[in-house]
1. Which GluC sites (Glu not before Pro) in the stretch 55-157 sit in a loop by DSSP (not H, G, I, E or B) and have at most 13 other Cβ atoms within 10 Å of their own Cβ?
2. Excluding Gln141 itself, what net charge comes from residues whose Cβ is under 14 Å from its Cβ, given Lys and Arg +1 and Asp and Glu -1?
3. What net charge is computed for the residues neighbouring Thr23, neighbours being all others with C-beta under 10 Å from the C-beta of Thr23, Lys and Arg scored +1, Asp and Glu -1?
4. Using unit Cβ charges (K, R positive; D, E negative) and no other charged atoms, how large, in debye to the nearest 20, is the dipole of the chain about its Cα centre?
5. Give me, ordered by chain and number, the residues 5 or more places off Ile4 or on other chains with an amide H under 5 Å from its own placed amide H.
6. Cα centroids of the stretch 119-154 and the stretch 1-76: how far apart, whole angstrom?
7. Heavy atoms of the protein only, probe of 1.4 Å, neighbouring chains included. What is the accessible area of Val143 in Å², nearest 10?
8. If you roll a 1.4 angstrom probe over the protein chains with everything in place, what fraction of the accessible area of the chain belongs to carbon and sulfur, to the nearest %?
Amino acid sequence: MQKITWKYLCSICRRPIYRGKPTLLFATDRPIMVGICHSTCGYGRYNWGKFQMCPPDYLSDEQISFLVQFYPRLYSLPGRQEPNRELRACFGLLLWNYPASLANPMESLRKFLDEYKHWSQEWLYDGDLEADFLRLLGQIQRVAREKPMEVEIDFRA
Ligand SMILES: [Zn+2]
């Protein structure tokens, strides 16, 4: 198992990461982790899915494998004004408090529905959002378990 921790070389500036909240970079069109960078080096890089480490600053192999599978699926969902855009918005909320959010994914779904009321936007989902949300989440978790990344990330003190 590879362990990524402090002094890891930033994928963008190639200098070691000594402090701060490192940013993980994921491809959005295929399931791979592109690298890790200083949070400042990651600003404005919109071609990747970005996940900013935050306390507890640790991600297990299974949690990283989940993110690797998560980003391409998230980006393949319809967004903006497209029909069924709601699933993507709802799914994106899982990242706000990841990995804690996975302990109770329905909370993210409820949060989304709550916020939606204040958007005053048209509901464009024609399926069962809850069922699709849980189905996609289950698929990602299954693939993540089948294809472990064999890496853990530890930026605790
Ligand atoms: Zn850097």
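The values are calculated or read from the model by the stated rules, or taken from the named source; none is laboratory data. Everything numeric in this text was worked out from a predicted model, so none of it was measured. In this analysis, Cβ positions are derived from the backbone assuming ideal geometry, glycine residues included, and neighbour counts consider all displayed protein chains. Keep in mind that these areas ignore ligands, DNA and RNA; they rest on the heavy atoms of the full protein, side chains included. Shrake-Rupley method; radii C 1.70, N 1.55, O 1.52, S 1.80 Å.
1. Glu122, Glu150
2. Cβ neighbours under 14 Å give a net charge of +2.
3. Charge balance in the 10 Å sphere: +3.
4. 800 debye
5. The list, which skips near neighbours in sequence, is Glu152, Ile153, Asp154.
6. 19 Å
7. 30 Å²
8. Roughly 50 percent of what the probe reaches on the chain is carbon or sulfur.
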